[in-house]
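Okay, so here's the structure we're looking at.
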Amino acid sequence: MLRVGGLTPFSAVDYPGKLAAVVFCQGCAWRCTYCHNPHLLPFTKEGLLAWSDVLSFLEKRRGMLDAVVFSGGEPTLQRPLPAAIEAVKAMGYAVGLHTAGIAPRRLAGVLPLLDWVAMDLKASFEEHESITRTPGSARRARESMDLIVASGVACRFHTVYGDARC
């Protein structure tokens, strides 16, 4: 089951042009020096939301929300993510993903299921590892960025300097 560390029931800023719920996936492999969701870093934690409860909530919000965004932590690190995306799409929601590009192969697997994706570029590729404190993070981020651009999925790249749309 998807490990859910939090849920924002209504957001007008997490998916461009759509009203969305945001599902915060628990767990992240990077330890960015400026992490804004440090409570989502551990992969295991007490008090997680049950995925079945999230689905029940989303069922009740049909017609009121347009989209569901999977954020984190890092959603692509969870193996149940593709099934979770498919369940949400079956309800008629558009699906977005917020990622840091940690797991390019898993990202490649979910890109065909997505309607929109945002990637957080932590720093220049030369400085990336000093921010994430993780060897190889720049290579994985660059590979993920290239996959997103090549996919044709609507996207946005965020940086500490602003953001760029594609």
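Out of all the residues in the stretch 56-93, which are under 22 Å from His128 (Cβ atoms) and either hydroxyl-bearing (Ser, Thr, Tyr) or assigned to a loop (DSSP other than H, G, I, E, B) (or both)?
First pass over the stretch 56-93, keeping only residues under 22 Å from His128 (Cβ atoms): 71-77.
Correct list: Ser71, Gly73, Glu74, Thr76.
Would you point out the residue of the stretch 42-61, among those that are among the basic types (Lys, Arg) and in contact (Cβ under 8 Å) with a residue 24 or more places away in the chain, that is surrounded by the fewest Cβ atoms within 10 Å (Cβ to Cβ)? Even if it seems obvious, please write down each step before you answer.
Keep residues of the stretch 42-61 that are among the basic types (Lys, Arg), which gives 45, 60-61.
Now narrow it down to the ones that are in contact (Cβ under 8 Å) with a residue 24 or more places away in the chain: 45, 61.
Numbers: Lys45: 13, Arg61: 17.
Across the stretch 42-61, the extreme among qualifying residues is Lys45.
Mind listing just one residue for me: the one in the stretch 112-131 that is at pLDDT 90 or above, crowded, with 20+ Cβ neighbours inside 10 Å and of a type in the set (A, V, I, L, M) and, of those, nearest to Pro82 (Cα to Cα)?
Leu114
For the stretch 64-80, how many residues are under 22 Å from Val13 (Cα atoms) and at pLDDT 95 or above? Please lay out each step first, then the result.
Going through the stretch 64-80, the residues under 22 Å from Val13 (Cα atoms) turn out to be 64-76.
Next cut, at pLDDT 95 or above only: 64-71, 74-76.
Qualifying residue count, the stretch 64-80: 11.
From the list Lys122, Lys45, which residue is basic (Lys, Arg) and within 21 Å of Arg3 (Cβ to Cβ)?
Values: Lys122 fails: within 21 Å of Arg3 (Cβ to Cβ).
So the residue among Lys122, Lys45 that is basic (Lys, Arg) and within 21 Å of Arg3 (Cβ to Cβ) is Lys45.
Among the residues of the stretch 31-45, is there at least one that is modelled with pLDDT of 95 or more, closer than 25 Å to Ala154 by Cα, of a type outside the set (Ser, Thr, Tyr) and more than 12 Å from the chain's Cα centre (by Cα)? It would help to see each step written out before you state the result.
Here is the first cut: in the stretch 31-45, the residues modelled with pLDDT of 95 or more are none.
No, that holds for no residue.
Given the conditions (1) surrounded by fewer than 19 Cβ atoms within 10 Å (Cβ to Cβ); (2) hydrophobic (A, V, I, L, M, F, W, C); (3) in a loop (DSSP other than H, G, I, E, B), and given that Cys32 satisfies all but one, which numbered condition is not satisfied?
Answer for Cys32: the failing condition is (1).
Residues checked against (1) closer than 15 Å to Trp116 by Cβ; (2) surrounded by fewer than 17 Cβ atoms within 10 Å (Cβ to Cβ):
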site: Pro9; (1), (2): no, yes
site: Cys25; (1), (2): no, no
site: Leu40; (1), (2): no, no
site: Leu65; (1), (2): yes, no
site: Gly73; (1), (2): no, no
site: Leu81; (1), (2): no, no
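What are the pairs, 6+ residues apart or on separate chains, where a residue within the stretch 62-73 that is within 15 Å of Val88 (Cβ to Cβ) and without any contact (Cβ under 8 Å) to a residue 60 or more places away in the chain has its Cβ under 7 Å from a residue that is part of a loop (DSSP other than H, G, I, E, B) and of a type in the set (Asp, Glu)?
Partner pairs satisfying both residue conditions: Val69/Asp14.
The values are calculated or read from the model by the stated rules, or taken from the named source; none is laboratory data. Predicted, not measured: the structure shown is a model, and the values here were computed from it. No Cβ is skipped: glycine too gets one built from the backbone with ideal geometry, and neighbour counts run over all protein chains shown.
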